[in-house]
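Heads up, the thing below is written out as structure tokens.
Only the coordinates and a few stated rules stand behind these numbers; no lab work does. Bear in mind that the values here come from a model prediction, so they are computed numbers and not experimental data. Note that we place each Cβ from the backbone using ideal geometry, even for glycine, and neighbour counts take in every protein chain shown.
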Amino acid sequence: MGTDAREGFRLGPWRIEPSRGAIVGPGENARHVEPKVMEVLVRLADKAGELVPRDELLESVWTRHVAADQLLTRAISELRRALDDHRGQPKYIETVPKRGYRLIGPLDALGAATPAESPAHFPRRNDWRAYGLAAVLVIVLGSALAYLMFNRDTADGSAIETATDRQSSRVGLFVEPTMSIAVLPFANISDDPANEYLSDGLTEEIRNLLAKSGALKVIGRTSSFAFKGRHADLRVIGDALGVNTILEGSVRKSGDRLRITAQLIDASDGSHIWSASYDRRMKDVFEIQDEVARHIFDSLRVYVVSYPTRGEPTTVAEAYAGFLKARSALNVQDAQTAEQLLLEAVERDPEFAEAWELLAHVYWTDTIPGVSPAETQERFRDAATKALSIDPDLDLARALLYEGDPGTYTWADVIDAGVAALRGLPNDPLTLRTLSWNLIITGYLEEGRQVAARLAAIDPLSSIAHVRHAAALLGVGHKDAAAAEFEVARELNPGGTVDWYFGVVLLRVRQDDRAIAHMETAVRDLLEIDTGWVREIITDARRSENDPAYLDRAIPRVLELMGPEQAEVWQHYLNGLYLYFDFIDRYYDILLAHRPDYVEWSQAMYYVWEGTLAHDRGFFAHPKYIEVAERMGFIEVWERRGPPDFCEKPSGQWVCR
């Protein structure tokens, strides 16, 4: 090129401005990328036309690396996304398998004229800022192959743009704070290894306390705890989690005495910002948490109207210990142990409102062995009600209660409660997951996508967060970006249902061979049966010429290969094939057979959810959708909040497209 690429250059129709991390297209619309992503592009531009080995990029961009190989792959994916490039038919960045990358696009210094051509599709600035919030900050573990050789989205682009205009964001909560923090697991340096629950619990307690303030972006527990026991360079962890500060520390418990140390680190250079030690009795643990949070806000000069406080949720030490142990059990998905510990905690202190709230959470998110869904829902409702009777200010308990009580339930109230909970808990992954689900299922897909993007941004190493973000992207028609997020989710937690639904995305763009491979992986992981039926059922369904009768015969035969409990779960997965192969009338027959009235937790909600994400198959436009929306209570939401993304009321009657 003849000049230093760091000074800026043109790449085809794009103007690259490294100093501000901008890739600018026609009309001065800018897409912003993280500094290290831009650095990769600059180093490729410096050797334009030449192969740049992966090892060279890894060493020059990530000199100290934890999972740097995955970081590079993700960076290339982000560049392709920003440049409207495709791995299968590259215009700018060519992958040389197992070797490296080559910049192949037309390259000029910034003084050169801008090419007349413009990209075929260029989302407006607000579109990219909205889902760039997650797409940029999740440059972390996981090799996301963006675009995955897809053609550009085939969904109705004009409809998506109109919906985005309308839904700029009713939620309106996501102004990105300047300061961000990850609270790493405090080390247990007690003589007794069993005190691990205390060090982990205090870590989570401090994290949750900081997370109450929207003035800080606080990384979720799943992502922060991914580094537990790994003595990695804090600067690299900061890069991986997208934060500028890190809190770490240790806990020593001896009898009734606690010694807690904490230090706040600048992630850019590893320097200490603040540190302190606390020698107190166990009964002072809540006071210590408040002091740590206050010192962090002061050290970072983050303005808050009032410091968030832990308060004193219980005076019974044994009840609090059980509460922390229950959290630890939940974090390894042991709902049964968590339930037992929480029941013991509230027996020791019946006024421990947060223990009741967490118990409601257990029943809401997990099935307890031997307990029917109806009984689980009743226990969930009772626990949330008890929590609120003690402390009416528990935002999460209130939001959960709305979802658990069909007697007073309305979707509008649930969404309002979720928004209120998020205002009080702006960095809470569970609240974000719940609100995203509720917005999407009621038709507010763009808002749901924004909430899901926030979830992926604050918990970038959580497979669940990326699955939810992928689903939301799929809902608004961004199939390529959805596939990239599924790749991240698979890298973080390979196999299982993630592979099944990744296969669904591939079916929808008619990449059947790749879809079959992923679906077979899911079957191998989840079932102990032969996988040969997967290729047969997908191949024959594709050939069935718009006749669902083939699936009517094939699905029962597949279910006979499974046990009764497995068949009950997989019937829902397999019935989705009617939707994916455009047998929409038959899909509605199945949906209506599941009574889509919100009177209890039912399979009907999941059929509506999947249909909503596949609105491009005609789910909303189908004449029975308005009936379903009315029976489910969605129309009440639309009347209160305004039209959802793909519906309107032009002459007194709701019409969806």
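With K and R counted +1 and D and E -1, the other residues having a Cβ less than 10 Å from that of Ala397 yield a net charge of -3. Diffusion of the range 314-409 by Stokes-Einstein, at 10 °C in a medium of 1.306 mPa s and with Rh set to the Kirkwood radius over alpha-carbon pairs, works out to 121 µm²/s.
About its Cα centre, the dipole of the chain is roughly 1680 debye, where the only charges are +1 on Lys and Arg Cβ and -1 on Asp and Glu Cβ.
Taking the fewest neighbouring Cβ atoms within 10 Å as the starting point, the ordered list for Arg80, Arg423, Arg449, Arg510 is Arg510, Arg423, Arg80, Arg449.
Where both bridge residues fall in the range 176-312, DSSP classifies roughly 70% of the beta bridges as antiparallel. Using a ≥ b ≥ c from the Cα gyration tensor of the range 410-656 (square roots of the eigenvalues), is it rounded, prolate or oblate, where a/c under 1.5 gives rounded and otherwise the larger of a/b and b/c decides, a/b for prolate? Taking the square roots of the gyration eigenvalues as a ≥ b ≥ c, the range 410-656 is oblate.
Sorting Val655, Val236 from the fewest to the most surrounding beta carbons within 10 angstrom yields Val655, Val236.
The ellipsoid that matches the Cα gyration tensor of the range 221-304 has semi-axes, each √(5λ) in whole angstrom, of 24, 17, 11, with the longest given first.
Scanning the chain for GluC sites (Glu not before Pro) that sit in a DSSP loop and have at most 16 other Cβ atoms within 10 Å, the longest stretch containing none of them is 118-350.
State the Cα centre-to-centre distance between the range 235-293 and the range 599-657 in whole Å. Here the answer is 48 Å between Cα centres.
Between the range 299-325 and the range 502-573, the alpha-carbon centres lie 48 Å apart. Here's the picture: charge each Lys and Arg Cβ at +1 and each Asp and Glu Cβ at -1 in the range 314-409, and of Ala319, Gln340, Pro369 the one pushed furthest to the positive end of that dipole is Pro369.
When every alpha-carbon pair in the chain is counted, what percent end up more than 39 Å apart? Tail of the P(r) past 39 Å holds 35 percent of the pairs.
Membrane-span-like helices in the chain, defined purely by DSSP H runs whose alpha carbon atoms cover 15 Å or more axially and whose average Kyte-Doolittle hydropathy reaches 0.5, are 35-46, 411-424, 429-441, 463-475, 497-508. Positive contributions from Lys and Arg (+1) and negative ones from Asp and Glu (-1), summed over other residues with Cβ under 12 Å from the Cβ of Glu351, come out at -3.
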